[in-house]
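Comments concern the structure below.
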Amino acid sequence: MTPIGIFDSGYGGLTILSEIRRLLPDYDYLYLGDNARAPYGSRSFDIVYEFTLQAVKYLFDRGCRLVILACNTASAKALRTIQQNDLPAIDPDRRVLGVIIPTVEALDNLTSSRHVGVVATPGTILSHSYSIETAKLYPDIEVSEIPCPMWVPIIENNEADGDGADYFVKKYCDEMLHRDPEIDTMLLGCTHYPLLMPKIRKYIPDNIRIIPQGELVARSLENYLTRHPEIAGQCTKGGTVHFLTTENPEKFDRLASLFLSTPVTSEKITLV
Ligand code: DGL
């Protein structure tokens, strides 16, 4: 079997996996959450790169020929180095793709005011990947970036629906509205954040669109597979999904089943 690998620091990549499976249900998928070491969002460039490379190599060893980094932090801090420096040495025929470029590409059709807000982890915001990539494609779009360091820990600890979450959701939403009152679109630049959607919607006025990445990434992958039949042809189509976690698998199963609304049974693995 040659599944498509989907990697995230934890549960966030599940929001990408479910949209990819909705659009491309026939392929086999292997999901890896590095829950033992999440969150990645406040870690240094070197560490995020090291952890992400370990995960990519592990997924390759399990047969993947195509891996999606379903994590903005890893896409911002590790993707380019892996693509340019590591892949040629590991296997030039394998592919690693991220989530930032597919999201930025969609911006043109999403905003009329040409003012876009991005909420993301401190790591993604510090990299300025969203403003840099947007400036290359659509220089007339102004991007305001707000780091939300508490959102991933809230989700990883299953507090997304709790009353305590409201304080930090409101805090960063208010910062965004204050930073640029002209935004008509707010991108969730972290794959965990859709799990906070009901609360985010509560604190962002209805005239501002809140955009999760899952569907954008899924459409971009579909497009990529059409343009690259040599890669698509190597990915098997059995319609299966298998889950790997670096933390306690029972905890992963419980939370992942909640997030995906379907029973999940994961396998514990170690990344080195
Ligand atoms: N889902 C990751 C992202 O998209 C989460 C980061 C984290 O572990 O802090 O950035």
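The values are calculated or read from the model by the stated rules, or taken from the named source; none is laboratory data. None of the values given here were measured: they were computed from a predicted structure. Heads up, the Cβs are rebuilt from the backbone with ideal geometry, glycines too, and the neighbour counts pull from every protein chain shown. Surface areas here come from the heavy atoms of the whole protein model, side chains and all, with no ligands, DNA or RNA. Shrake-Rupley method; radii C 1.70, N 1.55, O 1.52, S 1.80 Å.
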query: For Y29, which sequence-distant residues (separation of 5 or more, or a different chain) have an amide H within less than 5 Å of its own amide H, given hydrogens modelled in the peptide plane?
result: I4, T240, V241, H242
- prompt: Over the range 195-272, how many percent of alpha carbon pairs lie in each 10 Å bin up to the one with the longest distance?
  reply: 14, 25, 35, 22, 3
query: What's log10 of I(q)/I(0) for the range 27-142 at q = 0.20 Å⁻¹, Debye sum over Cα points only, no solvent?
result: -1.10
query: Quick one: if the Förster radius is 30 Å, what FRET efficiency do K57 and E250 give, using the C-beta to C-beta distance and rounding to 0.05?
result: 0.70
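Could you quote the convex hull projected area for the range 50-105, Cα atoms only and averaged over all directions, in nm²? All intermediate terms of the calculation are to be shown ahead of the outcome.
Working: hull surface 14.5 nm².
Reported value for the Cα convex hull: 3.6 nm².
Could you report the range 43-131's accessible area per residue, 1.4 Å probe, as an integer in Å²? Walk me through the intermediate numbers first.
Values: 3360 Å² over 89 residues.
Computed with neighbouring chains in place, this is 38 Å² per residue.
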- prompt: Which entries in the list K77/K199; K199/K268; K77/K136; K57/K251; K57/K237; K170/K251 go over 30 Å, if you measure between the two C-alpha atoms of each?
  reply: K199/K268
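With a/c under 1.5 counting as rounded, go ahead and sort the range 2-75 into rounded, prolate or oblate using the C-alpha gyration tensor (a ≥ b ≥ c being the square roots of the eigenvalues; past the cut-off, prolate if a/b is larger than b/c, else oblate). Intermediate results must be reported in sequence, preceding the final value.
On the way: a/c = 2.47, a/b = 1.50, b/c = 1.65.
Since a/c reaches 1.5 but b/c is at least a/b, the shape of the range 2-75 is classed as oblate.
Using only the Cα atoms, what convex hull volume per residue in Å³ does the range 120-174 have?
Values: hull volume 4.5 nm³, N = 55.
Roughly 82 Å³ of hull volume per residue.
Rounded to the nearest 0.05, what FRET efficiency do D108 and S44 give with R0 = 35 Å and r taken as the Cβ-Cβ distance? Could you check? All intermediate terms of the calculation are to be shown ahead of the outcome.
Values: r = 33 Å, r/R0 = 0.94.
The calculated FRET efficiency here is 0.60.
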task: Taking amide H positions as placed in the peptide plane 1.01 Å from N, state which residues far from G10 in sequence (5 or more) or on other chains have amide H under 5 Å from it.
output: D34
- prompt: Taking the alpha-carbon set of the chain, what are its Rg and Dmax in Å?
  reply: 17.6, 50
field: the range 130-272 shape via C-alpha gyration tensor axes, a/c threshold 1.5
entry: oblate
message: Cut-off 19 Å, label point 7 angstrom out along Cα-to-Cβ of T236: give me the residues of the range 89-106 whose amide nitrogen falls inside.
response: 94-95
Separation between Cα centres of the range 144-190 and the range 29-75, rounded to whole Å: 23 Å
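Show that you can apply the helix-only estimate: for the chain, add -39,500 (n - 2.57) for every DSSP H stretch of four or more residues, divide by all residues, and state [θ] at 222 nm to the nearest 500. Before the final figure, lay out the partial values.
Values: 14 runs with 123 residues, N = 272.
About -12500 deg cm²/dmol.
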query: Order of 225-235, 102-112 by packing, highest average Cβ count within 10 Å first?
result: 102-112, 225-235
- prompt: Hey, what's the range 173-248 come to in accessible area per residue, 1.4 Å probe, Å²?
  reply: 46 Å²
